[in-house]
Structure formats: C-alpha cells, structure tokens
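Encoded as structure tokens, the structure appears first; notes follow it.
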Amino acid sequence: MPDGAPESDHGSSLGFGAGSPYQPKGLETDHAIGQANPGLRAEAPARRGKRSWTHSILTTTTEPRMTTRRPITGIAAATAALADQPISVRAKLAAAWTSFMFLYAYVDILNFFTPGVVEDILNGKVFEFDLSQTFSTTALTLMAIPILMIVLSMTLPARASRITNLTVASLYLPVTGFNVLGESWLIFYGLGIALELILLLFIIRSAWTWPPAASPNHETVRTQLQA
C-alpha cells in the first residue's frame, strides 16, 4: 500500500467501503463508525469472522439508589406490629372493678370447700350471723355496689366518676379486710383479700391521679368566637 493512502478495513477491501454503492444497508466501516461514534470500540471475535460492537461509555449519576426492602415476616413481623395504645382512666377503673368482683365472688364460692362451712349454712349460720332475708339483702347490696361501679365508671361525668370511685373504694378497704376475721384457712383468705386490697388501692390511685382536662388555647377560643 502506498504511503499516504487511507487505511481501510476488511469491508473496504471487498468493495463495501464508505460511499461505495455496493455497500449493504446498515453496514459501515470501522473508520466511518469510529469517526461518527468515538465511544464505540470494535471487537473481532475469532468465530465465523463476525464483528461485535460494544459501547464503552463511563457515566456518573447523582440520583439516589433505589433499594427494595424485604417484607418482615414471622415473629419479627408480629413484634413490630405491636404498639401500646393509650388507655383511658375510665377503662382502667372499670377493668379494676371487674377483676375485684371476680375475686370477691370466687373467694366466697371456694370458701364452701372449707370444712364446716356448708354444715353451718344448713344450720342457718354464716360466720356469726343468722341466715335471714335481712342478711341476704345486705350481702346483695355489698355485691351490687362494686358491680354497678363497673358501669358507673364508664358513664358518669369525669368529676362525678372520680369522686364516686374514691369514696366507694375507700369504704371497701375496711369491709374487705373484715372478711378475714374468724376464718380458719388464713393463707387462702389472706391471699384473696390481699389481691382485693391491691385492686382497691389501684382504683384509689387511678382516680386520685385522674389528669385534669386540658385548658383551651386562647388563640383557638378567639378564633372560634370570631367565626
């Protein structure tokens, strides 16, 4: 090849150079492609003499990388889903009175298994009291008040509910402690009465620490009056 002659590739030697009328559509020489697209690099695989063109362009981006989070399953999902919800004072008081009544009733029911209790009832005696309509009415009243406190704690106005809970729970402290007198199974009765006293103290504390209503914002009140 003479000096100064333009270099050509295999396509040019076959008559398919740039500008040749016999050049197939879509076929370009390395020289033409290199001039038009400097970023393209020709690689000639040894297999079948075919050419493959790869585009080696270095790019940079400032967009945030998108990541896909895997869903949490199993015990971790159950633990993550738990959240402590705020409980109103009314709900705490009603729940405490409900627990108190269950203890109150079951201590008396299980007391029937104490030796001699059923025999005394058949003989018309409960502790030191004679069985009569007055005794049954008094016992029903003592049971009805804590039962009614469940619904009253949820329905009375806040101030009335607070005063009622403080009064009734304070009065039932000595009444509950009185039940342990004269009993032969002190461990059984002592445990039941101790749990009842804990619930009564919880009721007194919850009612005593009942948070006051939040004072209205002066700006909010002024806006409402102007509207």
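The values are calculated or read from the model by the stated rules, or taken from the named source; none is laboratory data. From a predicted model like this one, the values you see are computed outputs, not experimental measurements. Methodologically, a virtual Cβ is constructed for each residue, glycine included, from the backbone with ideal geometry; neighbour enumeration extends over all protein chains shown. Accessible surface areas use protein heavy atoms only, side chains included; no ligands, DNA or RNA. Shrake-Rupley method; radii C 1.70, N 1.55, O 1.52, S 1.80 Å.
Details
- When Arg90, Arg159 are compared by accessible area of protein heavy atoms, the largest-first order is Arg159, Arg90, using a 1.4 Å probe.
- Protein-only accessible surface order, largest first, of Leu156, Leu195 at 1.4 Å: Leu195, Leu156
- Note on region 172-195 and region 90-156: Cα centroid distance 13 Å, given to the nearest whole angstrom.
- Cut-off 15 Å (backbone N to label point 7 Å along Cα→Cβ of Ile163), residues of region 190-214: 208
- Probe 1.4 Å - accessible area at Arg162, Å² to nearest ten: 80
- 3J(HN,Hα) along region 109-120: 5, 5, 5, 5, 7, 6, x, x, 5, 5, 4, 5 Hz, from the Karplus curve 6.51 cos²θ - 1.76 cosθ + 1.60 with θ = phi - 60°, whole Hz, x for Gly and Pro.
- To put it simply, the accessible area of region 119-205 at a 1.4 Å probe is 73 percent carbon and sulfur.
- Given charges at Cβ of Lys, Arg, Asp, Glu: region 99-173 dipole, positive-most of Ile147, Tyr106, Gly116: Ile147
- Rough spin-label spacing in nm, given labels placed 7 Å along Cα→Cβ, for Ala214 and Met154: 2.5
- Using the Cβ-Cβ distance between Ser136 and Phe178 with R0 = 25 Å, the FRET efficiency computed as 1/(1 + (r/R0)^6) comes to roughly 0.85.
- Take each peptide in 171-177, 132-138, 93-99, 185-191, count the other Cβ atoms within 10 Å of every residue, and average; sorted highest first, the result is 93-99, 171-177, 185-191, 132-138.
- Distant-in-sequence amide contacts of Val126, defined by a placed amide H-H separation under 5 Å and a gap of 5 or more residues or a different chain, comprise Leu131.
- Across region 153-194, the residues whose backbone nitrogen lies under 18 Å from the label position 7 Å along the beta-carbon direction of Tyr106 are 187-194.
- Cut-off 11 Å (backbone N to label point 7 Å along Cα→Cβ of Thr98), residues of region 137-172: 150-151
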